[in-house]
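Taking it in order: structure first as structure tokens, then the write-up.
The values are calculated or read from the model by the stated rules, or taken from the named source; none is laboratory data. None of the values given here were measured: they were computed from a predicted structure. Don't worry about glycine lacking a Cβ; one is built from the backbone with ideal geometry, like all the others, and counts go over all protein chains shown.
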Amino acid sequence: MVNSARKNTMHPANSSRRQFTLITGAALAAARVQAAEITARQVIERIQKNVGVPWRTETVDTFKAGNPDSPVKGIVTSFSATLDVMQRGVASGKNLFIVHEPTFYNHQDSTKDLAGDPVYTAKQSYIDKNGLVVWRFHDHWHARRPDGIFAGMTEALGWEKYIDAGNQRLFVMPATTLENLAKDIQKRLKIRAMRVMGDPQLKVSKVGMIPGFGDARGVMQAIERPDLDVLIIGESREWEGVEYMRDALTLGQKKGLLILGHVPSEESGMKECARWLKTFVPEVPIEFIPSGEPFWTPTA
Ligand SMILES: [Zn+2]
């Protein structure tokens with residue numbers, strides 16, 4: 001476009017043709033902007049419009065790295081923007097990362113204590129060098145109804161048919177043993193380092209799920225519910241909720257606790273996020289990249 005315009009200015013006699021070229025060029029550029037150019041900020045504005053819950057003033061759902069006004073080439077959704085996930089995204093031509101968890105190792109993504117840290121420095125310079133943008137989607141994806149993470153996990157487990165009509169977070173399924181339930185979940189979610197508390201032979205059919213972090217209070221309240229045999233969580237502090245569960249078992253309570261690990265307990269929720277984004281961001285390719293379970297165990 002620039003070249004042809006310059007060429008035409010060298011032949012001022014041909015002014016109508018020059019005008020035509022300029023108009024056509026401008027129209028083409030405008031069409032291209034409409035068809036393909038979307039900035040990271042515009043993608044997030046669309047998310048805010050579509051998520052279906054009021055946007056909170058206090059939230060961790062903010063830009064964590066990069067320039068929000070960068071044009072987006074492609075979007076990756078993932079549990080978190082690990083260096084590995086970003087490398088895989090860059091390899092497939094993507095530059096906007098929409099992730100559930102922090103990028104810089106604490107809930108607020110505060111980097112003030114990370115100055116000079118070799119891992120942080122390498123990660124930040126990788127982001128800068130490749131022109132990447134990272135945005136966190138945590139609070140509002142959970143606040144959505146149904147909870148986006150919960151919906152993705154329910155689908156990954158194939159448990160839609162078991163959702164209790166009165167309580168969206170409770171599944172009622174054909175009775176099985178705690179051991180078989182644990183094995184089935186482990187296989188479906190491909191978990192290596194899952195942990196279980198309770199009698200393996202306990203008959204269970206009513207299953208509650210708290211994806212991600214289950215604080216001690218949440219674990220206590222769930223374990224005490226008469227309508228619940230098993231609670232599934234991502235993680236809990238081992239010296240709080242886990243110790244409570246241990247005492248409950250010593251007291252003879254017929255309950256089970258499945259600790260999947262934080263990533264396997266939530267990751268499929270970001271796969272659901274990619275599917276959802278595609279319904280209102282048609283301009284660019286969108287891909288879910290699993291960050292994968294961080295652990296292995298000697299017996300696995
Ligand atoms: Zn979460």
Asp113 closer than 24 Å to Gly292 by Cβ and not assigned by TED's automatic domain parsing to the domain that holds Gly208
no
Quick one: what pairs do we get from the range 205-223, first residue among the aromatic types (Phe, Trp, Tyr), second assigned to a strand (DSSP E or B) and surrounded by fewer than 22 Cβ atoms within 10 Å (Cβ to Cβ), C-beta under 6 Å, 6+ apart or different chains?
Phe213/Glu235
Take the range 221-265 and flag every residue that is more than 16 Å from the ligand (Cβ to nearest atom), under 22 Å from Val172 (Cβ atoms) and part of a helix (DSSP H, G or I).
Gln221, Ala222, Ile223, Glu224, Met245, Ala248
Residue hits (the range 43-90; of a type in the set (S, T, N, Q) and crowded, with 16+ Cβ neighbours inside 10 Å) are Thr77, Ser78, Ser80, Thr82
Scanning the range 121-133 for residues that are touching a helix residue (DSSP H, G or I) at 6+ places or on another chain (Cβ under 7 Å) and farther than 11 Å from Val90 by Cα gives Lys123, Val133
Trp296 vs (1) within 16 Å of the ligand (Cβ to nearest atom); (2) over 20 Å from Gly152 (Cα atoms): all pass except (1)
Is there any pair linking a residue in the range 103-125 that is in contact (Cβ under 8 Å) with a residue 40 or more places away in the chain to one that is loosely packed, with under 11 Cβ neighbours inside 10 Å, with Cβ under 8 Å and at least six apart or on different chains, and which?
none
All conditions in (1) in contact with a strand residue (DSSP E or B) (Cβ under 6 Å, 6 or more places away or on another chain); (2) within 28 Å of Arg144 (Cα to Cα) are true of Gly256 except (2)
Given the condition more than 27 Å from the chain's Cα centre (by Cα), among the hydroxyl-bearing types (Ser, Thr, Tyr) and not assigned by TED's automatic domain parsing to the domain that holds Thr77, answer yes or no: does some residue in the range 241-253 qualify?
yes
If you check every pair at least six apart or on different chains, which have Cβ atoms under 6 Å apart with a residue in the range 183-200 that is touching a residue at least 60 places away in the same chain (Cβ under 8 Å) first and a residue that is part of a helix (DSSP H, G or I) and not charged (D, E, K, R) second?
Leu189/Pro264; Ile191/Pro264; Met194/Gln186; Val196/Ala182; Met197/Met245
Residue count for the range 196-214, restricted to those that are part of a loop (DSSP other than H, G, I, E, B), away from the ligand (no atom under 16 Å from the Cβ) and either under 13 Å from Ile232 (Cβ atoms) or among the hydroxyl-bearing types (Ser, Thr, Tyr) (or both):
1
